[in-house]
Ligand SMILES: [Zn+2]
């Protein structure tokens, strides 16, 4: 009978095990013992309690109380982040920033950190701003280095400017990249000073083109400048 497979007490137990794990982890109601904390979280995980998955993920990443295992860390933190656990989003965000256990991806990092910050995870706002500042600086450096020919955006940022006034507007953030409900776009002001999505440059009239992230420019040095101009 299916009813026999349902154990209403399981989640209660899972939560109690989680709380017990926390008290071992922080040494609050019990002497600090990382190995015991990990055992509690594992038992709680087995009963399907998501916050324990997050704690266990952090322990696998740091090697506290368990053998370090980045694959398990990423898997457990990823599961918890998928269920919008702010702490999991925060920790996974930091791992994406550095490339620990996952391919380094600063854009992904800043999105996760900003999400954690929005959900009020302590300190996430500072880290989100820090990573965002690094990305903005990189973006501005790229824009200055790339030829002023075409107005191009990728799915995550502006890739190239069409003319000097547009470059200046982008650097001053008078015109900004947004990920709108219709997809990536540039947001600026129309003639009446209202926020408006721009489909072309207000200065030179160049149309906004969508291009793959960084791809077009990585091989710049190998392209004949004359060919690159077309
Ligand atoms: Zn322009």
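Nothing in this text is a laboratory measurement; each read-out follows from the coordinates by a stated rule. Since we're looking at a predicted model, the values are computed, not measured. With ideal geometry, Cβ positions are generated from the backbone for all residues, glycine too; neighbour counts draw on all protein chains shown.
On a 0 to 90° scale, report how tilted helix 9-26 is relative to the longest principal axis of the chain, with both axes built from alpha carbons and the result rounded to the nearest 10.
Result, in degrees: 80.
Give me the one-decimal nm value for the distance between modelled label points at residue 199 and residue 34, 7 Å along each residue's Cα-to-Cβ direction.
It is 5.8 nm.
Relative contact order (percent) for the chain, with alpha-carbon contacts under 8 angstrom and 6 or more residues of separation?
Computed value for the chain: 9 percent relative contact order.
Counting each DSSP H run of 4 or more residues in the chain as -39500 (n - 2.57), what helix-only mean residue ellipticity at 222 nm follows after dividing by all residues, to the nearest 500 deg cm²/dmol?
It comes out at -16500 deg cm²/dmol, rounded to the nearest 500.
Measure nothing but the geometry: give the 0 to 90° angle between the long axis through the Cα atoms of 86-98 and the longest principal axis through the Cα atoms of the chain, rounded to 10°.
So the inclination is approximately 50 degrees.
What shape does segment 1-83 have by the C-alpha gyration tensor, where a ≥ b ≥ c are the square roots of the eigenvalues, rounded means a/c under 1.5, and otherwise prolate means a/b greater than b/c and oblate the rest?
Cα axes put segment 1-83 in the oblate bin.
Restricting the count to DSSP beta bridges whose residues both fall in the chain, what percent are antiparallel, rounded to a multiple of 5?
80
Taking only the alpha carbons of segment 86-145, what extent do you get along each of the three principal axes, in Å, biggest first?
Dimensions of segment 86-145 along the principal axes of its Cα atoms: 38, 24, 12 Å.
Under the rule a/c < 1.5 gives rounded, and otherwise a/b versus b/c splits prolate from oblate, where does segment 57-159 land using the Cα gyration tensor?
prolate
If a/c stays under 1.5 just call it rounded; otherwise compare a/b with b/c (prolate if a/b is bigger, oblate if not). Do that for the chain, with a ≥ b ≥ c from the square roots of the Cα gyration tensor eigenvalues.
prolate
Sorted from fewest to most neighbouring beta carbons within 10 Å, what does the list 125, 157 look like?
So the residues, fewest neighbours to most, are 125, 157.
How far apart, in nm, are two points set 7 Å out from the Cα along the Cα-to-Cβ line at residue 149 and at residue 209?
The two pseudo-label positions are separated by 0.8 nm.
By counting other Cβ atoms within 10 Å of each Cβ, how are 85, 33 ranked from fewest to most?
Going from sparsest to densest Cβ surroundings: 33, 85.
Give the angle, between 0 and 90 degrees and rounded to the nearest 10, that separates the Cα long axis of helix 106-118 from the longest principal axis of the Cα atoms of the chain.
60
Between residue 12 and residue 26, what is the label-point separation in nm under the 7 Å Cα-to-beta-carbon projection?
Calculated label separation equals 2.4 nm.
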